[in-house]
Amino acid sequence: MPDMSLIYQGRCWKLGDDVSSDELISAQHVFEYDPQVLRKHLLEERLSQFASQAQSGDIVLAGKRFAHGSQHTHPFLAMKAIGVGLIAEQMLRPTFRLAIYSGIPLLEIDQNVQNMLDDGDQIRVDFNKGVISNLTQNTTTQVKPVPDFLLDIVQAGGGLGYMQATLANHIVQKNTSTTTKEASHGV
């Protein structure tokens, strides 16, 4: 898989609990699929400055029931286009799967971690190891990272990238195997 860094450092955007998927991106954009357009609408109704101020490496910190409600990839496509990571206190399984499939690095946290981070803090998150450092408050904690096979999907840029890389690797291995067999048979 590609060696994409899963260490993000930037501003903490603290959202709180019960952020619905329609609050992440309004349902009026449901037929838009261009990530560069969607990124302009991410959180526009809840945190209007986010789309214009968020930068690659920033972290969205969500509370309980993040992205509940309608399940669609739009918010995650927008997050990926901006280049932000996600740490959340509680995610429903469909939301978790959509984030991974979209290539969003994420960690699930508990209330203690939520309490050590404030909106606007500078934080560093190592998604591979589950290490979260609050650079503003000089504190660090560790949580359980997602399993390696899910990190592989994220590092490939999402589910589609992972399937393409896996297929390409399979074809290369098959061609190498065929060439080796032909060489051993004097073909």
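The values are calculated or read from the model by the stated rules, or taken from the named source; none is laboratory data. What you are looking at is a predicted structure, and each value in this text was computed from that prediction instead of being measured. Neighbour counts run over all protein chains shown; Cβ positions are idealised from the backbone, glycine included.
Numerical summary
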quantity	calculated
Unique match (being of a type in the set (D, E, K, R), in the same structural domain as Ile132 (by TED's automatic domain parsing) and assigned to a loop (DSSP other than H, G, I, E, B)) among Glu23, Glu45	Glu45
Number of the condition not met by Lys80 [criteria: (1) assigned to a loop (DSSP other than H, G, I, E, B); (2) in contact with a Ser or Thr (Cβ under 6 Å, 6 or more places away or on another chain)]	(1)
Single match in Ala51, Ala99, Ala81 (criterion: under 23 Å from Gln164 (Cβ atoms), surrounded by fewer than 18 Cβ atoms within 10 Å (Cβ to Cβ) and touching a helix residue (DSSP H, G or I) at 6+ places or on another chain (Cβ under 8 Å))	Ala81
Segment 4-21 residues that are under 22 Å from Leu151 (Cα atoms), paired with ones that are assigned to a strand (DSSP E or B) and basic (Lys, Arg) (beta carbon under 6 Å, 6 or more apart)	Gln9/Arg124
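For every residue, the table says whether it meets (1) aromatic (Phe, Trp, Tyr); (2) within 11 Å of the chain's Cα centre (by Cα).
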site: Leu6; (1), (2): no, yes
site: Tyr33; (1), (2): yes, no
site: Ser48; (1), (2): no, no
site: Arg97; (1), (2): no, yes
site: Pro105; (1), (2): no, yes
